[in-house]
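Laboratory data are not the source of any read-out in this text; all were calculated from the coordinates shown. Small disclaimer: the values here were computed from a predicted structure and weren't measured. Note: ideal-geometry Cβ built from the backbone for every residue, glycine included; neighbour counts use all protein chains shown.
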């Protein structure tokens, strides 16, 4: 899967794994990876990273079958921002999410956001689901920027994997679910890298996460289709 291919390309520049790396579009996607965690080894540390790969874990990870290999649920994971996530340059982050319809109790003390930067004193930015059919993207407490939040309709599915993708281009932020744009708008100004916390967080009590990846360029529609196709093979 993507983890195998990323590590092989990163190490030697050659193709390996289950993906057809003769596809130039797929090679472009993989060459643009800055950070990737697959959970396939049943740990939460990143398989590939430009910076520190170690996870700070809040909760007790539960590893389940994912969209490819293993996934993790019922946990918040924090990773270093430095060299892994750069908001000063356009990019994308992608994660497969699985919302369960069962009513198992959720661990207390876990944040509900699926992705966010930690609060740093300067502000923080993130995404979270809001009910069964909506999501919310927000940016709060940044200096010289009024609190921003937008709620939009998302066609969330229960008991199946979906691809959530967030792209940034300066002040413009786009949220895409299963290849469909659900939110596309601009903040009054761009969030600078120096303003965000030293760590970002993924995961939540009520969702499983798989194949979290940060890319060094905004993924195109065709690249998103390739990513979805590759993950489901």
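Structural remarks
- Residue order for 39, 200, 152, fewest other beta carbons within 10 angstrom first, comes to 152, 200, 39.
- Distance in nm between pseudo-label sites at residue 100 and residue 193 (7 Å out along the Cβ direction from Cα): 3.8 nm
- Added length on full extension, which subtracts the Cα-Cα distance from 0.36 nm per residue, residue 83 to residue 132: 14.2 nm
- Over the range 113-200, all Cα pairs binned in 5 Å intervals from 0 give whole-percent P(r) values of 3, 13, 25, 26, 17, 10, 5, 1, 0, listed from short to long.
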